């Protein structure tokens, strides 16, 4: 029996707590490596993902502000931890706690990015999901995507400032 796209969107894919999703990209975010767990959870083959933009697994529920912060951080040569909701090839979803780091060439220049992802704690997601919904709603309320992103980033920064934390500190304060 086939699953409709609507039914698939409501189905969560899980992976074991001791499994790690691993991927590597070039500087532009195109996948150059994906481990077996990545492919299994994304419901794609290695052939389907290599050379494609990493955002092929991006879920539409994810606020753009989080990815904007992520790219800003790693392009400056710093690591970041982030909660991310991804989407599989069939439309199912899965949450991860991602650790994204830049990779450097022999001259110290960024030549790509490396990400490892694990299963997040449900208690952390109970705090992350409402925040992400707020950010996404802000982005969608504004006609201009650029303005929506700016307002969403400002809202995220305001929340972090209220807590006196960076985004990575916020992530770790939720307990992984």
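Taken together, the values in this text are just the output of simple stated rules run on the coordinates, not laboratory data. For clarity, every value in this text was computed on a predicted model and none was experimentally measured. All Cβ positions, glycine included, derive from the backbone under ideal geometry; neighbour counts span all protein chains shown.
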### Query
Which condition number in (1) over 19 Å from residue 55 (Cα atoms); (2) in contact (Cβ under 8 Å) with a residue 40 or more places away in the chain; (3) crowded, with 16+ Cβ neighbours inside 10 Å is the one that residue 115 fails?
(1)
### Query
Among the residues of the range 56-91, which ones are within 19 Å of residue 146 (Cα to Cα), loosely packed, with under 15 Cβ neighbours inside 10 Å and without any contact (Cβ under 8 Å) to a residue 60 or more places away in the chain?
60, 71, 72
#### Entry: Matching residues, the range 43-74, being in contact with a strand residue (DSSP E or B) (Cβ under 7 Å, 6 or more places away or on another chain) and part of a helix (DSSP H, G or I)
46, 49, 54, 57, 66, 70, 73, 74
### Task
Scan the range 159-168 residue by residue and report those that are assigned to a helix (DSSP H, G or I), closer than 14 Å to residue 66 by Cα and free of Cβ contacts under 8 Å to residues at least 60 places away in the same chain.
159, 160
